[in-house]
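Below is the structure I would like to discuss, written out as structure tokens.
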Amino acid sequence: MENMGAAGPNNDILDEIFNRTINSKSIFLNRDVLRNDYIPDHILFRDDQISQFGSILAPILRGNKPSNIFLYGKTGTGKTVVARYVTKKLYERVLKLNLNIKFLYINTRLASTQYKMLVELGAQLDISLPFTGLSLSEAASRIFEKMKRDSINTIIILDEIDYIVKNYDDNILYEFTRVNNELLNGNFISIIGISNDLKFKEYLDPRVLSGLSEEEMVFPPYTVDELEAILTDRIRAAFRPGVVSESAVKLCASLAASEHGDARRAVDLLRVAGELAEREGSDVVDTDHITKASRSIERDRTYEVIRSLPLHGKLILAAVLAAPEDINTGRLYSNYTSMARSLGIEPLTQRRISGILSELDVLGVVNAPVVSNGRFGRSKRVKLVVPREVVSRALQEDELISSILK
Ligand SMILES: Nc1ncnc2c1ncn2[C@@H]1O[C@H](COP(=O)(O)OP(=O)(O)O)[C@@H](O)[C@H]1O
Ligand SMILES: [Mg+2]
């Protein structure tokens, strides 16, 4: 057996990689500015939203309750970054004025269940809720008790709020919207809901909807030119001068605008392309790197989205996968129902499944019927819009689901 010795070819390869890394200058100045949670110094093209949002929240500095607000817009239109930027600035004032106001932030998709959402919100208020054992309303009451006891006013940002509502229900929002009138003893909670789905309102009970959407703001997609400007600004902070070619920036902007002007996709493409270039030992980022990055992001994203779906989302997707090409919604629902039953799982109602399908549509996994009032449209068809192989691989990771795929 050759190639096995400590000084064999394997070792040479590593030596070369390590030496190259030590000897070459990184193409990056600061790769952190390409991270998803980075809040840039300049938020471009969003002056109107920033000032509107700031004006709605400003009364809090005089001790008045701001209206609840809904922010809508497709992914990558700057909702999260604007909300975080404005609340960060506001919080600096709150500290200066010594006001007892807390800002809580939670991404409901990452929290994944309504209960975990509450546990995390509780943690941000320094109370620890048990991981199981309480009902939702008990857990919520403990949070409200704490706010009352410490006389805290709160602003709660519920990011990607559509996730929790479509995959579960709006009970938790109901708790939050009705609480002001009762439990809080003069303190207030203002809710900032952020949704990637404009049709999301159809899933809310009218009581919850009217409570939550006292004010609404819409974030339009960016144009290609706007994306190019956002990228150029970010490149200046992220890369050494001259690393990213002009044609790479243009390609990046146009790929990110191909569905709707999505700044997240633009920044992700740039980050992955930069990493690819660095790994190749290239000292420029060119169109090739952007193209490769685009392919790899698309696959990873689909895979991650599917892997992190709740059980019924995976089940309905397994039913779509089992269908030959596209499938009628009624048929799909009955296939889903029998799959669920075969696993001893109680199927969800057609209305809930319709919500989940619409979420999968928003996530770009399937093409699903337009929903109205959460019901199936008439004789609409559902089909996969991502590679079957990726869907199947991601679903296989779930033991329960993989047992029915075979
Ligand atoms: N107007 C903007 N100026 C600079 N960067 C932006 C702007 N809008 C979005 N971004 C960047 O694009 C990415 C996605 O934005 P984000 O606010 O998370 O979008 P959304 O919450 O609408 O999906 C983030 O990296 C963010 O920093
Ligand atoms: Mg967001």
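Report the GluC sites (Glu not before Pro) located in segment 134-229 that are in a DSSP loop and have at most 16 other Cβ atoms inside 10 Å of their Cβ, or state none. Let's see the in-between values first.
Numbers: sites: Glu138, Glu145, Glu160, Glu175, Glu182, Glu202, Glu214, Glu215, Glu216, Glu226, Glu228; in loops: Glu160, Glu182, Glu214.
Those that pass, being in a loop and sparsely packed, are Glu182, Glu214.
Can you give the Rg to Rh ratio of segment 1-97, both from alpha-carbon atoms, with Rh computed by the Kirkwood formula?
Numbers: Rg = 24.5 Å, Rh = 18.0 Å.
Using only Cα positions, Rg/Rh for segment 1-97 is 1.36.
While we're here: Pull up all non-local amide H partners of Asn328: gap of 5 or more, or a different chain, and H-to-H distance under 5 Å with H placed in the peptide plane.
So Asn328 has HN proximity to Val382.
Related question: Give the long-range amide H neighbours of Leu29: residues separated by 5 or more places, or on another chain, with amide H under 5 Å away, using H modelled in the peptide plane at 1.01 Å from N.
Amide H neighbours of Leu29, under 5 Å, 5+ apart: Phe239, Arg240.
With runs of 4+ DSSP H residues as the only contributors, calculate the mean residue ellipticity of the chain at 222 nm using -39,500 (n - 2.57) per run, divided by the residue total and rounded to the nearest 500. Walk me through the numbers on the way to the answer.
Numbers: 18 runs with 216 residues, N = 406.
So the calculated ellipticity at 222 nm is -16500 deg cm²/dmol.
Using only the alpha carbon atoms of segment 223-305, find the Kirkwood hydrodynamic radius as the inverse mean reciprocal pair distance, in angstroms to one decimal. Don't jump to the answer; show the numbers that get you there.
On the way: mean 1/r = 0.0800 Å⁻¹.
About 12.5 Å, per the Kirkwood formula over Cα pairs.
Among the chymotrypsin sites (Phe, Trp or Tyr not before Pro) within segment 86-152, which fall in a DSSP loop and have no more than 11 other Cβ atoms within 10 Å of their own Cβ?
Numbers: sites: Tyr91, Phe103, Tyr105, Tyr115, Phe131, Phe144; in loops: Phe131.
In loop regions of segment 86-152 (DSSP not H, G, I, E or B), the sparsely surrounded chymotrypsin sites (Phe, Trp or Tyr not before Pro) are Phe131.
If you don't mind, another one. For the pair Ser334 and Ala58, what calculated FRET efficiency results from E = 1/(1 + (r/R0)^6), where r is the Cβ-Cβ distance and R0 = 45 Å, to the nearest 0.05?
0.30
Taking amide H positions as placed in the peptide plane 1.01 Å from N, state which residues far from Thr154 in sequence (5 or more) or on other chains have amide H under 5 Å from it.
Lys102, Phe188, Ile189, Ser190
Using every pair of alpha-carbon atoms in segment 295-406, split the distances into 5 Å bins beginning at 0 and state the percent of pairs per bin, rounded to integers.
2, 13, 26, 26, 20, 10, 3, 0
For segment 148-197, compute Rg over Rh where Rg is the Cα radius of gyration and Rh is the Kirkwood radius from the inverse mean 1/r over Cα pairs.
Numbers: Rg = 12.2 Å, Rh = 11.9 Å.
Ratio of gyration radius to Kirkwood radius: 1.03.
Using a 1.4 Å probe and counting only protein heavy atoms, arrange Arg62, Arg178 so the residue with the most accessible area comes first. Present the calculation step by step, with values, prior to reporting the outcome.
Numbers: Arg62 195, Arg178 90 Å².
Accessible-area ranking of Arg62, Arg178, largest first: Arg62, Arg178.
Filter Lys79/Lys102; Lys116/Lys199; Lys79/Lys116; Lys89/Lys166; Lys116/Lys201; Lys201/Lys380 down to the pairs with a C-alpha to C-alpha distance above 30 Å, please. Could the numbers behind the result be given before it?
Details: Lys79/Lys102 20 Å; Lys116/Lys199 25 Å; Lys79/Lys116 23 Å; Lys89/Lys166 32 Å; Lys116/Lys201 23 Å; Lys201/Lys380 21 Å.
Beyond 30 Å: Lys89/Lys166.
Where in segment 266-352 are there GluC sites (Glu not before Pro) that are in a DSSP coil and have at most 10 other Cβ atoms within 10 angstrom of their Cβ?
On the way: sites: Glu275, Glu278, Glu280, Glu298, Glu304, Glu325; in loops: Glu325.
Here the sparse-neighbourhood loop sites are Glu325.
Under the definition of Cα pairs under 8 Å and six or more residues apart, what whole-number percent is the relative contact order of segment 25-88? Write out the running numbers ahead of the final one.
Details: 25 pairs, mean separation 20.4, N = 64.
Value for segment 25-88: 32 percent.
What helices does the chain hold that run 24 Å or longer along their axis, going by alpha-carbon atoms, with a Kyte-Doolittle average of -0.5 or more, using DSSP H for the helix calls? Kindly include the intermediate steps, with their values, before the conclusion.
On the way: long enough: 79-97 (27 Å, -0.11); 263-280 (26 Å, -0.30); 287-307 (30 Å, -1.17).
Helices passing the filter in the chain: 79-97, 263-280.
³J(HN,Hα) across segment 106-112 via Karplus (A = 6.51, B = -1.76, C = 1.60, θ = phi - 60°), whole Hz, x for Gly/Pro?
These are the phi-based 3J(HN,Hα) values: 8, 9, 5, 5, 6, 5, 6 Hz.
Shifting gears a bit: Run the accessible area of the chain with a 1.4 Å probe and give the carbon-and-sulfur part as a rounded percent. Each step should come with its number before you reach the end.
Working: 9960 of 20260 Å².
Ligands and nucleic acids excluded, carbon and sulfur reach 49 percent.
Separate question: Could you give log10 I(q)/I(0) at q = 0.06, 0.12, 0.14 Å⁻¹ for the chain, computed by the Debye formula over C-alpha point scatterers of equal weight, without solvent?
-0.30, -1.09, -1.30
May I ask you to give the solvent-accessible area per residue for the chain, in square angstrom, as obtained with a 1.4 angstrom probe?
Spelled out: the 1.4 Å probe surface of the chain, per residue, equals 50 Å².
The values are calculated or read from the model by the stated rules, or taken from the named source; none is laboratory data. If you're wondering where the values come from, they're calculated on a predicted model, not measured in any experiment. Note: ideal-geometry Cβ built from the backbone for every residue, glycine included; neighbour counts use all protein chains shown. When the accessible area is computed, the model is the full protein with side chains, heavy atoms only, and any ligands, DNA or RNA have been set aside. Shrake-Rupley method; radii C 1.70, N 1.55, O 1.52, S 1.80 Å.
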